[in-house]
Amino acid sequence: MKRRYRYVHLALLLLLLVLDAASAFSSISPINQVGSKQPSTKDCTLPAPPAPSSTITQVPKDRDKSPTFTKKCALPAPPAPSSAIGVVGGGGSVPTGTSTSILPSSPTSQKNQDVDLQSVLLSRRTINDFESDLPAGWEAALAKAVTAATFAPNHKMTEPWRFHLLGPEAIERVCKLNAEIVSESKGPAAGEKKLARWLAMPGWLVVTCVRGDESASMDDPTSLARENYAAVCCAVQNLCLSLHGDGIGTKWTTGPVNFHPSFNAAVGLPENEYVVGTLWFGKAAKFPQAPKKKLSIDDVLIRHE
């Protein structure tokens with residue numbers, strides 16, 4: 001009897017051991033069952049939040065067969081702001097050291113830029129008296145101004161402008177030609193006086209327009225000839241404003257000598273260009289006051305319903 005109870009007791013103990021082993025085995029993950037080690041605390045670190053995304057809904061071509069589905073696209077990071085712009089226009093380029101910032105750093109700096117631009121526009125004057133020598137840095141300022149000129153409005157993108165910088169010999173030929181014209185109409189004394197004045201001008205730039213279709217007429221308001229001439233005039237204004245902003249004055253002259261038959265030869269212009277005007281430039285010896293406007297804003301700004 002005692003032996004039978006001992007066997008029952010051992011059987012119960014074995015049953016309890018089997019139940020405990022089964023319970024422990026069921027709590028082990030499938031990965032651990034095949035012998036892989038459990039992830040460490042480092043492995044369980046939460047991943048960084050995903051990049052901001054925009055939801056793009058794409059609709060399959062066959063709407064009847066395939067449902068609309070949504071695709072998550074990560075937005076690319078915005079490019080770093082560029083502080084300079086590459087210049088292309090009639091072969092123009094920005095000289096070294098020229099600031100070409102196009103992105104204001106703050107609303108305040110944008111406001112200051114607007115004020116500066118308006119002051120340049122309103123303070124430019126035609127300069128009649130120049131200092132005898134060109135100011136330091138005039139070549140860089142001129143290159144910058146020509147670059148600005150090539151960004152003038154230009155229908156059809158013909159880039160018809162050309163800028164001829166005259167040297168001493170070409171300047172002398174033009175001055176003598178002009179003195180001859182003046183002498184013929186007003187006498188030798190007037191011619192000599194005009195010669196002396198013109199020779200004193202420090203900088204000379206002849207602006208021309210490339211001829212297009214010979215059949216195009218300036219009388220036709222829709223012709224390319226008129227469009228090109230208007231574009232060159234806009235370019236001249238840009239150039240004068242840019243030089244003014246750098247402290248260099250200008251005078252745009254369109255006197256008879258510019259259109260004399262001998263002028264092109266005196267300057268050395270190609271046959272397919274015609275003169276729009278000559279610009280004198282340099283440091284202003286006198287800065288004229290703003291002329292009094294004859295018309296008000298209300299006179300020139302006409303509103304239409």
Problem set entry | Count of residues meeting criterion [open to solvent by 50 Å² or more (accessible area, probe 1.4 Å) and touching a residue at least 40 places away in the same chain (Cβ under 8 Å)] in the range 252-277 | 7
Problem set entry | Filter result for the condition that a residue is out of contact with any strand residue (DSSP E or B) (no Cβ under 9 Å at 6 or more places or on another chain) and closer than 16 Å to Phe163 by Cβ, over Ser242, Ser217, Ser223 | Ser242
For this session: Tell me which residues, restricted to the range 155-178, are among the β-branched types (Val, Ile, Thr) and within 28 Å of Lys194 (Cβ to Cβ).
Result: Ile171, Val174
Exercise. Only one of (1) within 20 Å of Trp280 (Cβ to Cβ); (2) touching a Phe, Trp or Tyr at 6+ places or on another chain (Cβ under 8 Å); (3) in a helix (DSSP H, G or I) fails for Val206. Which number is that?
Worked result: (3)
Problem set entry | Selection status of Asn228, closer than 26 Å to Glu159 by Cα, in contact (Cβ under 8 Å) with a residue 12 or more places away in the chain and not small (Gly, Ala, Ser) | yes
Exercise. With Gly247, Gly191, Gly277 as the choices, which residue is in a loop (DSSP other than H, G, I, E, B) and under 28 Å from Cys175 (Cβ atoms)?
Worked result: Gly247
Problem set entry | Filter result for the condition that a residue is at negative phi and touching a helix residue (DSSP H, G or I) at 6+ places or on another chain (Cβ under 9 Å), over Leu301, Leu295, Leu269 | Leu269
For this session: Determine if the range 287-301 includes at least one residue that is among the aromatic types (Phe, Trp, Tyr) and outside any loop (DSSP other than H, G, I, E, B).
Result: no
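Residue by residue, here is whether (1) part of a helix (DSSP H, G or I); (2) under 30 Å from Gln289 (Cβ atoms); (3) among the hydroxyl-bearing types (Ser, Thr, Tyr) holds:
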residue	(1), (2), (3)
Asp116	yes, yes, no
Leu122	yes, yes, no
Ser132	no, yes, yes
Ala140	yes, yes, no
Thr147	yes, no, yes
Arg173	yes, no, no
Ala179	yes, no, no
Val182	yes, yes, no
For this session: Return the total of residues in the range 149-171 being in a helix (DSSP H, G or I) and buried (at least 21 other Cβ atoms within 10 Å of the Cβ).
Result: 1
Exercise. Which of (1) of a type outside the set (A, V, I, L, M, F, W, C); (2) open to solvent by less than 70 Å² (accessible area, probe 1.4 Å); (3) in contact with a helix residue (DSSP H, G or I) (Cβ under 8 Å, 6 or more places away or on another chain) is the odd one out, the single condition Asp213 does not satisfy?
Worked result: (2)
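The values are calculated or read from the model by the stated rules, or taken from the named source; none is laboratory data. Every value quoted in this text rests on a predicted model; they were computed, and no experiment measured them. Glycine also receives a Cβ, built like all others from the backbone with ideal geometry; neighbour counts cover every protein chain displayed. These accessible areas exclude ligands, DNA and RNA; they are computed on the full protein's heavy atoms, side chains included. Shrake-Rupley method; radii C 1.70, N 1.55, O 1.52, S 1.80 Å.
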